1. Scan segment 61-71 and give yes if some residue there is open to solvent by 80 Å² or more (accessible area, probe 1.4 Å) and not β-branched (Val, Ile, Thr), otherwise no.
2. Looking at the structure I just gave you, is THR45 modelled with pLDDT under 95, open to solvent by 80 Å² or more (accessible area, probe 1.4 Å) and hydroxyl-bearing (Ser, Thr, Tyr)?
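The values are calculated or read from the model by the stated rules, or taken from the named source; none is laboratory data. What you see is a predicted model; the values in this text were computed from it and never measured. Note: areas computed on protein heavy atoms with side chains; ligands, DNA, RNA excluded. Shrake-Rupley method; radii C 1.70, N 1.55, O 1.52, S 1.80 Å.
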Amino acid sequence: MKKGSNSFAAIFLVVTLVLFLGKFRAIEAVTCSVMELSPCAGAITSSQPPSSACCAKLKEQKPCLCGYLKDPNLRPYVNSPNAKRVAKSCGVPTPSC
């Protein structure tokens, strides 16, 4: 019985490692481009709710948000009340950079 539990533990460890590395590589593959957030333009410049495409792109670009906030040309847009509202609606926390 102990041999079976060791096999299960080894399989569990391998599966966990594969899932972790897959997530890490997905984060690594994000290309930071503020133009990727164009589906959010309408929601950020008005009071309309964000679309599902906007939320998907915002979540995809989440690793890039600190870089956008550090750019003096982009900061006013990314840090605006409407941008924060959109991020909150999409479930993307405001980064603390």
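1. Going through segment 61-71, the residues open to solvent by 80 Å² or more (accessible area, probe 1.4 Å) turn out to be 62, 70.
Subsequent filtering for residues that are not β-branched (Val, Ile, Thr) retains 62, 70.
Yes: one or more hits.
2. On the way: modelled with pLDDT under 95: yes; open to solvent by 80 Å² or more (accessible area, probe 1.4 Å): yes; hydroxyl-bearing (Ser, Thr, Tyr): yes.
For THR45, the condition - modelled with pLDDT under 95, open to solvent by 80 Å² or more (accessible area, probe 1.4 Å) and hydroxyl-bearing (Ser, Thr, Tyr) - is met.
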